[in-house]
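Working notes for the structure below.
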Amino acid sequence: MLTDSAAPGLPRPEAPADRPREGAGEAAVRARVAELEHRFGDPADPANPVGAARLLAADEAGELSGPGEQLLDDLALGAEFVPAELGGRLTRIDTLARTLRPVFRRDVALGLGYGVTSFMAAVNVWTAGSSEQRRKVADLLLGGARISVAYHELAHGNDFLRNEFRARPEPGGYRLHGRKQVINNADRAAAFALFARTDDAPGARSHSVLLAERDQLDPARFATLPRYPTAGVRGCRISGLDFDDCHLPEDALVGARGQGADVALRSFQLTRSVLPGMALGAADTGLRTVVGFALGRRLYRRPVMEIPHARSTLTGAFLDLLVCDSLSLVGTRAVHLLPEETSVTAAVVKYLVPKVLTEVMHDLSIVLGARFYLRDGEFGVFQKHLRDLPVLSLGHAGSAACQATVIPQLARLARRAWFTGDEAPAALFETRTDLPGIPFDRLTLAAGRDSLSASLVAARDDQPDGTPEEHAVRALAVGLADELRRIQRDSLALAPQDRTALAGPGAFALADRYAVLLAAAAVLGVWRAARADGTDPFLADPSWAAAALHRLARRLGHRPADLPAGCEETVHRELLRRFHERRGYDLHDTPLAG
């Protein structure tokens with residue numbers, strides 16, 4: 001098994017005695033990630049059965065990689081989605097994201113199609129299921145089976161409360177009637193988490209979640225619909241389910257009748273937090289592919305990397321990945337440390353991270369030029385990830401649905417939380433320390449505090465150590481805190497209808513500004529934590545934080561002062577070091593197989 005080690009040329013001093021040290025959980029996940037990287041091997045090796053060439057061939061055929069699924073079977077990947085008390089390896093949401101990155105680095109479809117859909121389904125049971133249901137789902141996943149989650153009806157999209165699929169109560173159980181569309185693994189899942197109408201009355205108490213096992217269903221009254229062809233994740237087996245007055249026993253109900261919306265929204269807080277962090281693996285491959293191109297391709301008698309636009313684009317893409325990983329880290333650790341606030345942070349992560357990663361891939365495609373159209377060869381994997389990544393911003397919790405979760409909470413946070421609450425605990429931003437267990441029972445539907453924005457306000461008051469880079473960080477923090485004040489003012493001024501999911505465009509734009517601000521708060525928190533910890537010289541350097549905050553300020557429409565000359569140069573050197581030393585473009589400087 002491979003192990004992590006210090007990279008040549010960048011010392012990794014031991015943490016001082018009074019600083020956080022790597023916990024046992026961190027050591028385990030580093031070993032697990034190293035094992036996955038080792039088993040997947042070098043993507044560029046044409047003889048590798050799970051290398052890029054073979055994965056692209058499977059994608060062209062519209063299939064998931066057989067060797068890829070076998071590899072994940074051999075590694076019992078399903079155990080990653082099962083809580084440790086039920087025999088699995090799930091103890092932390094942040095480490096789950098990192099564990100799946102090596103899979104997504106190779107193939108988004110394999111990550112979704114093999115297992116993540118099962119996690120999306122299972123989390124409903126972990127959140128509200130009975131002990132018998134939890135044991136049943138755990139046994140399925142530990143045995144290598146898959147579970148599908150069935151929220152969608154094409155006529156209603158993310159508006160689940162208008163869903164028409166029915167589970168009519170009857171003595172001893174329910175009668176299922178209707179269709180669910182766009183369901184991953186519908187044809188081979190051993191069980192389904194079904195979101196169904198159990199009451200004809202309008203409102204949030206009219207739906208429930210039911211756990212349907214395939215072998216319980218009458219084959220004469222249940223069918224799988226034809227497969228949908230897709231532009232991205234073409235290997236995923238996406239189809240639908242059709243029920244015709246099909247009986248389901250009473251013990252299939254997850255939680256209480258009429259609590260389906262509550263169960264789904266609390267489950268979303270876990271899936272929205274973790275999935276974008278996995279997707280960073282695909283963007284890492286995209287950036288790595290274009291860095292290799294820019295170093296090896298000559299244009300105008302010099303390497304493309306020396307062209308200012310290309311150099312700036314690649315450095316900016318690296319910064320964007322660090323921003324996304326900072327926000328993902330905070331979102332996943334908040335599940336453990338701030339579960340009462342996760343309804344907002346999870347929605348922000350799921351809205352902003354896929355959006356930024358998609359923009360990164362677009363910007364990189366411009367540097368790659370006509371080669372980004374190629375569907376095979378050295379650059380074929382880039383085109384596949386370019387198609388696959390946008391799928392992650394859709395699904396059962398699309399971008400607009402995530403913003404619609406945040407908008408109704410803005411005025412309340414503006415009135416009760418901003419500039420008054422305590423900042424988040426330091427552990428929220430630490431990359432190496434252990435966490436308490438997953439508090440499924442403490443996840444709430446609305447937040448009353450905002451510790452992350454309070455950390456931004458606290459960072460504004462830090463005293464810089466005198467370097468130009470630290471002064472730049474503080475100046476940017478001051479400007480971002482002023483932006484929070486403007487967001488507070490605008491949130492309090494929202495009209496009543498603009499405080500609902502039916503809000504107008506202005507409220508959605510306000511939610512976007514708030515999401516960018518929380519990303520800035522995450523960057524500041526990660527940098528402050530790294531500076532206190534002292535084990536990662538790059539993350540402790542204010543250069544990357546200043547450059548990342550500068551990009552976020554410009555995203556908000558600000559025109560901040562120019563950065564000190566050394567900031568972008570420091571980040572660019574790190575970009576090249578990680579490329580040459582095969583290290584990941586994430587907060588953990590992860591060793592890669594290729």
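The angle separating the long axis of helix 260-296 from the principal Cα axis of greatest extent in the chain is about 40 degrees. Counting Lys and Arg as +1 and Asp and Glu as -1 over every other residue whose Cβ lies under 10 Å from the Cβ of Ala53, the net charge comes to -2.
Stick to the Cα atoms of segment 279-371, pair each with every other, and give me the Kirkwood hydrodynamic radius in Å at one decimal. Don't skip to the end; give the middle numbers.
Working: mean 1/r = 0.0696 Å⁻¹.
After inverting the mean inverse Cα-Cα distance, the result is 14.4 Å.
Would you mind counting up the charge near Val82? Only other residues with Cβ under 14 Å from its Cβ, with Lys and Arg at +1 and Asp and Glu at -1. Combined, the nearby Lys, Arg, Asp and Glu give +3.
In straight-distance terms, cross-link reach from Lys136 covers every one of the lysines whose alpha-carbon lies under 27 Å from its own, apart from those fewer than eight places away in the same chain; here that gives Lys180.
What's the angle, to the nearest 10 degrees (0 to 90), between helix 308-337's Cα axis and the longest principal axis of the chain? Orientation of helix 308-337: about 50 degrees from the principal axis.
Accessible area of Phe429 (1.4 Å probe, protein heavy atoms only, ligands and nucleic acids ignored): about 10 Å².
From the square roots a ≥ b ≥ c of the eigenvalues of the alpha-carbon gyration tensor of segment 105-166, which class results: rounded (a/c under 1.5), prolate (a/b over b/c), or oblate?
Working: a/c = 2.72, a/b = 1.18, b/c = 2.30.
Here segment 105-166 falls in the oblate category.
Could you give the dipole magnitude of the chain about its Cα centre, charging the beta-carbon of Lys and Arg +1 and that of Asp and Glu -1, in debye to the nearest 20?
Working: 71 positive and 74 negative charges, 219 e Å.
So the dipole magnitude of the chain works out to roughly 1060 debye.
Dipole of segment 387-480 computed with +1 at Lys/Arg Cβ and -1 at Asp/Glu Cβ about the Cα centre; of Val457, Ile407, Thr467, farthest Cα towards the positive end is Ile407.
Segment 342-394 and segment 165-215 have their alpha-carbon centroids 33 Å apart. Each Cα pair under 8 Å and six or more residues apart adds its sequence gap; the mean of these over the residue count of the chain is a relative contact order of 15 percent. Accessible-area rank, largest first, for Tyr228, Tyr585, Tyr373: Tyr373, Tyr228, Tyr585, with all protein chains present and a 1.4 angstrom probe.
Looking at the P(r) of segment 154-252, how many percent of alpha-carbon pairs lie beyond 15 Å? It would help to have the intermediate numbers written out before the result.
Numbers: 2972 of 4851 pairs.
Counting every Cα pair in segment 154-252, those more than 15 Å apart make up 61 percent.
Each peptide in 303-316, 320-333, 377-390 was scored by the mean count of other Cβ atoms within 10 Å over its residues; highest first, the order is 320-333, 377-390, 303-316.
Could you tell me the relative contact order of segment 312-418? Use alpha-carbon pairs under 8 Å, at least six residues apart, and round to a whole percent. Display every interim value, and only then the final one.
Values: 77 pairs, mean separation 33.4, N = 107.
31 percent.
Its Kirkwood hydrodynamic radius, worked out from the mean inverse distance over all distinct Cα pairs, puts segment 190-309 at 18.9 Å.
Highest-first packing order for the peptide set 187-193, 235-241, 463-469, 263-269 is 263-269, 235-241, 187-193, 463-469, based on the mean count of other beta carbon atoms within 10 Å. Across the options Ala495, Cys567, Gly525, the greatest Cα extent toward the positive end of the charge dipole of segment 463-594 (unit charges at beta carbon of Lys, Arg, Asp, Glu) belongs to Ala495. Remark: segment 451-545 carries 36 Å² of accessible area per residue (probe radius 1.4 Å; ligands, DNA and RNA excluded). Reducing segment 258-278 and segment 532-581 to their Cα centroids gives an inter-centroid distance of 32 Å. Evaluated with a Cβ-only charge set (Lys, Arg +1; Asp, Glu -1), segment 179-299 carries a dipole of roughly 1000 debye about its Cα centre, given to the nearest 20. Let me make sure I get this right: for segment 460-537, a, b and c are the square roots of the gyration tensor eigenvalues over alpha carbons, sorted descending. Under 1.5 in a/c it's rounded, otherwise prolate if a/b > b/c, else oblate. Which is it? Since a/c reaches 1.5 and a/b is larger than b/c, the shape of segment 460-537 is classed as prolate.
With an 8 Å cut-off on Cα pairs and a minimum separation of 6 or more residues, tell me the relative contact order of segment 294-368 in percent. Provide the component values of the computation, followed by the final result.
Values: 45 pairs, mean separation 24.7, N = 75.
The value is 33 percent.
Which residue, His385, Ala417, Val349, has the largest displacement toward the positive end of the dipole of segment 297-426 when charges sit on each Cβ (Lys, Arg +1; Asp, Glu -1)? The one lying farthest along the dipole's positive direction is His385.
Can you give the angle from 0 to 90° between the axis of helix 399-416 and the longest principal axis of the chain, with both taken from C-alpha atoms, to the nearest 10? Tilt relative to the chain: about 70 degrees.
I'd like the per residue volume of the convex hull spanned by the Cα atoms of segment 84-193, given in cubic angstrom. Before the final figure, lay out each step's value.
On the way: hull volume 14.8 nm³, N = 110.
Enclosed volume per residue, from the Cα hull, is 134 Å³.
Suppose every Lys and Arg Cβ carries +1 and every Asp and Glu Cβ carries -1, with no other charges. What dipole size does segment 408-482 come out with about its Cα centre, to the nearest 20 debye? The partial results should precede the final answer.
Values: 8 positive and 12 negative charges, 105 e Å.
It comes to approximately 500 debye.
The values are calculated or read from the model by the stated rules, or taken from the named source; none is laboratory data. Treat the numbers as computed from the prediction; the structure is a model and nothing was measured. Note that we place each Cβ from the backbone using ideal geometry, even for glycine, and neighbour counts take in every protein chain shown. Areas reflect the complete protein model, heavy atoms only, side chains present, ligands, DNA and RNA absent. Shrake-Rupley method; radii C 1.70, N 1.55, O 1.52, S 1.80 Å.
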